[in-house]
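Down below is the structure, laid out as structure tokens.
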Amino acid sequence: MPNTVAIFGDSISKGIVYENKKLLKLKDSMVNIVAEEYGLDVINYSKYGQTLKKLTERKAVEKYLSEVGQKGDYAVFCIGGNDADFDWASVAETPFEDHLPATPVSEFEKLLSANIKLLKDAGVNVIITTIPPVDSQRYFKEVISKIADGDKVLDFFAGDVTNISRHQECYNLALVKCAAKCGCMLIDLRTGFLLDRKYLRNYCEDGIHPNEQGHRFMAEEVIRSLEEQGLVLKKKKA
């Protein structure tokens, strides 16, 4: 694996955490820990609130290929959580109507496949990560109910906030399907959290951003996955 790796992601791969009602950027984020471990030169295109739809509309992959990307390099997609989100204010206004998420899941799959094709046609290797799980209760209380009428949004959910996590799971499955269909390496950031009965200790109070401990956990999952899948990395010089 060459030293240059491009990351196309959202606030999680950017290293953003939510602490004391503020958004902060971690020094020891998942991406930075892995980059430090292997001496990687990371170009991080991740942005807070980024969706695959926005990334595609900005032609971020095309820009990377025209300016930086070379045959044999690696690009990583750590994205999907924001695509699954709704416009909560609009939902609260008309909770008994249908609403589309930021990127409908069928469109998400098509956009991801198209971006993967651009990269692979240029000889760039593509890695996809699964999405860390969202805690429906925390996210509803600390995020949705702060920007919209929670009671109205609850009507949209038919009284069941676990619709949030189930809806997000559809996007996670789309990532897994695209990785298999397009022949991409898959790194699982999700299962380890789900198997931990106390996984919320690794999460910020908003229920969607892993905290600093969570980022260390994800970094360990990345390193383990790279080793298990036989991807040889150039170790950092001592």
statement: For residue 126, the lone unmet condition from (1) closer than 26 Å to residue 224 by Cα; (2) in contact with a strand residue (DSSP E or B) (Cβ under 8 Å, 6 or more places away or on another chain); (3) outside any strand (DSSP E or B) is (3)
- prompt: Quick one: which of 146, 110 is outside any loop (DSSP other than H, G, I, E, B), open to solvent by 40 Å² or more (accessible area, probe 1.4 Å) and closer than 19 Å to residue 93 by Cα?
  reply: 146
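Please return the ranges of strands (runs of 3 or more DSSP E) entirely within the range 1-47 where 1 or more residues are out of contact with any Asp or Glu (no Cβ under 8 Å at 6 or more places or on another chain), aliphatic (A, V, I, L, M) and under 16 Å from residue 60 (Cα atoms). Steps first, answer last, please.
Values: elements: 4-9, 16-19, 22-25, 41-44.
The strands (runs of 3 or more DSSP E) meeting that bar are 4-9, 41-44.
Has the range 179-193 got any residue that is within 18 Å of the chain's Cα centre (by Cα), among the charged types (D, E, K, R) and open to solvent by less than 30 Å² (accessible area, probe 1.4 Å)?
If we filter the range 179-193 for residues that are within 18 Å of the chain's Cα centre (by Cα), which is where we start, we get 179-180, 184-193.
From what is left, the residues that are among the charged types (D, E, K, R) are 188, 190.
From what is left, the residues that are open to solvent by less than 30 Å² (accessible area, probe 1.4 Å) are 190.
So far as the range 179-193 goes, yes, one or more of its residues are within 18 Å of the chain's Cα centre (by Cα), among the charged types (D, E, K, R) and open to solvent by less than 30 Å² (accessible area, probe 1.4 Å).
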- line: Of the residues in the range 153-178, those that are touching a residue at least 24 places away in the same chain (Cβ under 8 Å), over 15 Å from the mean Cα position of the chain (by Cα) and open to solvent by less than 40 Å² (accessible area, probe 1.4 Å) come to 153, 161, 164
- prompt: Considering 67, 57, 37, which residue is surrounded by 13 or more Cβ atoms within 10 Å (Cβ to Cβ) and either on the phi < 0 side of the Ramachandran plot or without any contact (Cβ under 8 Å) to a residue 40 or more places away in the chain (or both)?
  reply: 37
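The values are calculated or read from the model by the stated rules, or taken from the named source; none is laboratory data. Fair warning: this is a prediction, and the values are worked out from it, not measured in the lab. Counting neighbours? That spans all protein chains shown, and the Cβs are built from the backbone with ideal geometry, glycine included. All accessible areas refer to the heavy atoms of the entire protein, side chains included, with ligands and DNA or RNA removed. Shrake-Rupley method; radii C 1.70, N 1.55, O 1.52, S 1.80 Å.
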